[in-house]
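Notes follow once the structure below has been shown.
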Amino acid sequence: MAEQLGSLARTHTCGALRVADVGARTVLLGWVQKIRDLGSIIFLDIRDRHGVTQVIVQDDADLLERAKRLRSEFVVGIEGLVERRSPETVNAKLPTGDVEVRASSVRLLNEAKTPPFMIGDEQNVSEETRLKYRYLDLRRPQLQKNVMLRHKVTMALRRYFDDQGFLDIETPILTKSTPEGARDFLVPSRVHPGEFYALPQSPQLFKQILMIAGMDRYVQIARCFRDEALRADRQLEFTQIDLEISFATPELVYEIVEGALAAAFEQIGVTIARPFRRMQYAEAISVYGSDKPDLRFGLKIQDVGHLFAESPFGIFREAVAHGGTVRGFVIPGAAAASRRELDEIVEMAKQAGASGLIYMRRTAEGVQSSAKAIGEPATIAVLEAMGAGAADLVVLASGAPDAASKVLGQLRLAVAKKRGLIPDGAWELLWVTDFPLFEWNADEQRWDSLHHPFTSPREEDLAKLAADPGSVRARAYDVVLNGWELGGGSIRIHDRETQATVFRLLGLSDEQAKLRFGFFLEALEYGTPPHGGLALGLDRIVAMLAGESSIREVIPFPKTTQAVDLMSDAPSTVDAAQLRELRLRTEA
RNA sequence: GGGGUCGUAGUUCAGUUGGUUAGAACGCUGCCCUGUCACGGCAGAGGCCGCGGGUUCGAGUCCCGUCGACCCCGCCA
């Protein structure tokens, strides 16, 4: 049934033809998107990734007969003459809508089963169905647009880093397991039974070694693998724009990364404001309850603990007495909220981990607080201290300072979303700086790196390393866009002594450190330049630029939240023979 | 590991208090149609109501379990 392509050569893509082409002979190769059969005149919409062109079949009985046999998604070659459409038949919705192709031959290159969903249609299809038939989903305009945007962003970044003197260098995919951080994906070695490679969580040590090797500026669009739970913004494998710079200061890293993001934003025609705003980690946590604050809206968290030191309201008074505090934020215009809306807000707070939430507002009769014990004068004092007007609602929660803020930070996001406080088209980029170097791991009774063990402490905090590790700030920084962490990095430790001190604080004996990172520690001793860098999440950047809320929309073949590829059905069992060769036995 | 939302025709969905033969739209098939582009008209096919159990005279609907998709917490140096 299907015919050969033969010598049929494409002259134009399906998005190319314009009035200037009228009179030209053309060959279009593509998919049948739509057939409008009017009897003795048939219109075909032919699609490729460049666009859609209308083909008209008329007069020729044999050709009409052939066209009638076509169905959606058949692959065809159309030969014909470009004609101008009469004014009343122009289709303003198509870039090619001023012209049409009068077919002189229709070649059926391949048939297609009826697809499970329509390609040219914007109708919603469940993600499950889309992922199973990803090759069809990828034909749809939205994903084609996203794939093309990703290409443009990638190319722009490669050009940018080349201009900035970076070398694009590949690092191994089969590498050494370093059990800190995320769970590794392991690859068994046939040659060394019982031993395993790990897939890189990031090329961290290799890029630092490239600095030791004198490469000066390194960049790689690197696939990274982490065997952790999946989310809208997290996949098992994802792509980082990984970079490292010798003789780097944070300022230099900021400048280079801001330039890179500007180049990426140019691809959607947006000029971003530079330099980016900066915010210390401590402020981000206390005021926004998050280390990746969304600055597109207010609802800033304020501390009013001092107003409750002697409050008759026991919960707040006790919190303050025991080193905690009372924090909250103002929801503008929410004073008129119904009982049901108020209950919803309290429920959202509980979902965020709050044990309770107090709200207060001004009323026609005076003021009202959901905790009557607080009393009218104190309620007025809080409303005034927080700058709440007559139309506003105040919500309050108590707890340890950071914990209260983190709960309120989640509530802040939920409230903003629910009440439509997030403006469209806003791009709020910032650097979050001065992260703590360590966080206390209560389960293991030791310090953990907040970033990673190769992060340099701030020089003025070096003296505190031994006595008070929790107060040591890192030379680490994250770049945040609209509440998404786009990337993070640090100035690295470049001397063996500091590195050894940090390992000890992390509870790694010299022996363990040598076993895991021996090659790296040895390399450090051969003239390591001061260096630092950062990694940007390419999937997140492209998703943001594309206006998508999940990175699955910018990854051609993503996995489900249960880590399954619905198209290929990976992961799967393997032959017993394969396992034998690897000397592996499974329990399941 | 925990919490939540959702599984009904190829697709997206509706389905009342548990009650006759489970509907709509789009898609699909056939016929008609010379300017359509969300073509139009006529006719038609299409269902293990995710799966398994239970309650009941009777279950798409109620209960238990299970599988899957998505969102969130934990986790993600």
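What order do you get for A:213-224, A:167-178 when each peptide is scored by the mean count of other beta carbon atoms within 10 Å, highest first?
A:213-224, A:167-178
Considering the zone a paramagnetic label at A:D575 would reach in this model (a point 7 Å from Cα along the Cα-to-Cβ line), which residues of the stretch A:146-190 have amide N under 18 Å from it?
The answer is A:188-190, whose backbone nitrogens lie closer than 18 Å to the label point.
So, in Å, what gap is there between the alpha-carbon centers of the stretch A:164-241 and the stretch A:335-377?
When both Cα centres are located, 49 Å separates them.
Among A:I301, A:I209, what is the fewest-to-most ranking by other Cβ atoms within 10 Å?
A:I209, A:I301
Quick one: which residues, 5 or more positions from A:L486 or on another chain, have an amide H under 5 Å from its amide H? H modelled 1.01 Å from N in the peptide plane, none for Pro or chain starts.
A:V479, A:V480, A:L481
Quickly rank A:404-416, A:118-130, A:524-536 as a protection proxy: mean count of other C-beta atoms within 10 Å, highest first.
Taking the mean over residues of other Cβ atoms within 10 Å, the ranking is A:404-416, A:524-536, A:118-130.
Please report the net charge: other residues with Cβ closer than 10 Å to the Cβ of A:G532, K and R +1, D and E -1.
+1
Mind listing the long-range amide H neighbours of A:A371? Cut-off is under 5 Å, sequence gap 5 or more, other chains count too, H placed in the peptide plane at 1.01 Å from N.
For A:A371, the qualifying residues are A:Y359.
So how much slack lies between A:E237 and A:V564, counting 0.36 nm per residue of separation and subtracting their Cα-Cα distance, in nm?
This chain segment gains 116.5 nm when fully extended.
Need one word for the stretch A:456-588: rounded, prolate or oblate. Basis is the Cα gyration tensor (sqrt eigenvalues a ≥ b ≥ c); a/c below 1.5 gives rounded, then a/b vs b/c decides. Provide the component values of the computation, followed by the final result.
On the way: a/c = 2.73, a/b = 1.36, b/c = 2.01.
Oblate, since a/c reaches 1.5 and b/c is not below a/b.
Contact order normalised by length for chain A, with contacts defined as Cα pairs under 8 Å and 6 or more residues apart; what percent is it?
13 percent
Measure nothing but the geometry: give the 0 to 90° angle between the long axis through the Cα atoms of A:339-351 and the longest principal axis through the Cα atoms of chain A, rounded to 10°.
Rounded to the nearest ten degrees, it is 80.
What is the distance in Å between the Cα centres of the stretch A:508-523 and the stretch A:24-60?
66 Å
Only residues of the stretch A:229-245 count here: report those whose backbone N is under 20 Å from the spot 7 Å along Cα→Cβ of A:M215, or say none.
Counting only backbone N, you get A:238-245.
Given the convex hull over the Cα atoms of chain A, what projected area results after averaging over all orientations, in nm²? Please list the in-between numbers first.
Values: hull surface 148.3 nm².
Quarter of the Cα hull surface area: 37.1 nm².
Lys and Arg at +1, Asp and Glu at -1: add these up for the other residues within a Cβ distance under 11 Å of A:D227 and post the number.
-1
What's the ranking of A:201-207, A:60-66, A:391-397, A:376-382 by average number of surrounding C-beta atoms within 10 Å, highest first?
The packing order, highest mean first, is A:391-397, A:201-207, A:376-382, A:60-66.
Give, in nm to one decimal, the length gained when the segment between A:T271 and A:R223 is fully stretched (0.36 nm per residue of separation minus the Cα-Cα distance).
Once the chain is fully extended between A:T271 and A:R223, it gains 14.5 nm.
Put a dot 7 Å past each Cα toward the Cβ at A:L81 and A:K113; how far apart are the dots in nm?
So the label points at A:K113 and A:L81 sit 4.2 nm apart.
Take the cross-link list A:K350/A:K418; A:K207/A:K406; A:K34/A:K559; A:K292/A:K417; A:K300/A:K350; A:K93/A:K418 and give me the ones stretching past 26 Å between alpha-carbons. Before the final figure, lay out each step's value.
Working: A:K350/A:K418 16 Å; A:K207/A:K406 34 Å; A:K34/A:K559 31 Å; A:K292/A:K417 16 Å; A:K300/A:K350 19 Å; A:K93/A:K418 34 Å.
Going by Cα-Cα distance, A:K207/A:K406; A:K34/A:K559; A:K93/A:K418 fall outside the 26 Å limit.
When a footprinting reagent is the concern and you count Cβ atoms within 10 Å, what order do A:V472, A:V479 take, fewest first?
In increasing order of surrounding Cβ atoms, one gets A:V472, A:V479.
Taking one equal scatterer on every alpha-carbon of the stretch A:157-249, how large is log10 of I(q)/I(0) by Debye at q = 0.10, 0.16, 0.17 1/Å?
Computed log10 I(q)/I(0) values: -0.32, -0.74, -0.81.
Taking the Cβ of each residue in A:V574, A:V90 as the centre, tally the other Cβ atoms inside 10 Å and list the residues starting with the fewest. Mind dumping the intermediate values first?
On the way: A:V574 11, A:V90 14.
Final ranking by Cβ density, sparse to dense: A:V574, A:V90.
If you average 1/r over every pair of different alpha-carbon atoms in the stretch A:1-81 and take one over that average, what Kirkwood value in Å do you get? All intermediate terms of the calculation are to be shown ahead of the outcome.
Numbers: mean 1/r = 0.0767 Å⁻¹.
Its Kirkwood hydrodynamic radius stands at 13.0 Å.
Would you mind getting me the FRET efficiency between A:E511 and A:K145? Use the beta-carbon distance for r and R0 = 51 Å, nearest 0.05.
0.40
For the stretch A:313-429, rounded, prolate or oblate, judged on the Cα gyration tensor with a ≥ b ≥ c (square roots of eigenvalues), a/c < 1.5 rounded, else prolate if a/b > b/c?
oblate
Gain in length, A:E88 to A:I41, computed as 0.36 nm per residue apart minus the alpha-carbon separation, to one decimal in nm?
Full extension of this stretch gives 15.2 nm more.
For the stretch A:35-113, just say rounded, prolate or oblate: build the C-alpha gyration tensor, square-root its eigenvalues into a ≥ b ≥ c, call rounded for a/c under 1.5, and beyond that prolate if a/b exceeds b/c, oblate if not. Intermediate values should be presented prior to the final figure.
Working: a/c = 1.81, a/b = 1.26, b/c = 1.43.
Because a/c hits 1.5 or more and a/b fails to exceed b/c, the stretch A:35-113 counts as oblate.
What ³J(HN,Hα) values, in whole Hz, does the Karplus curve 6.51 cos²θ - 1.76 cosθ + 1.60 give for the stretch A:295-311 when θ = phi - 60°, with x put for Gly and Pro?
Rounded to whole hertz, the list is 9, 6, 8, x, 6, 5, 7, 10, 9, 10, x, 4, 7, 10, 4, 10, 5.
Suppose a student asked you for the relative contact order of the stretch A:155-224, using Cα pairs under 8 Å spaced at least 6 residues apart; what percent would you report?
Working: 82 pairs, mean separation 24.7, N = 70.
Relative contact order here is 35 percent.
Short version: ³J(HN,Hα) in whole Hz for each residue of the stretch A:527-535, in order, from phi by Karplus 6.51 cos²θ - 1.76 cosθ + 1.60 (θ = phi - 60°), x for Gly and Pro, what are they?
Per residue, the Karplus-derived 3J(HN,Hα) values read x, 7, x, x, 7, x, x, 5, 10 Hz.
In whole Hz, with x marking every Gly and Pro, tabulate ³J(HN,Hα) for the stretch A:409-418 from phi via Karplus 6.51 cos²θ - 1.76 cosθ + 1.60, θ = phi - 60°.
x, 5, 5, 4, 5, 5, 5, 4, 5, 4
Grab the other residues whose beta carbon is less than 9 angstrom from that of A:F557, score K and R as +1, D and E as -1, and report the net.
On the way: positive: A:R134, A:K559; negative: A:D565.
Summing Lys and Arg as +1 and Asp and Glu as -1 gives +1.
Laboratory data are not the source of any read-out in this text; all were calculated from the coordinates shown. Just so we're clear, the structure is a prediction, and the values are computed from it rather than from any experiment. Reconstructed Cβ throughout: ideal geometry from the backbone, glycine too, with neighbour counts over all protein chains shown.
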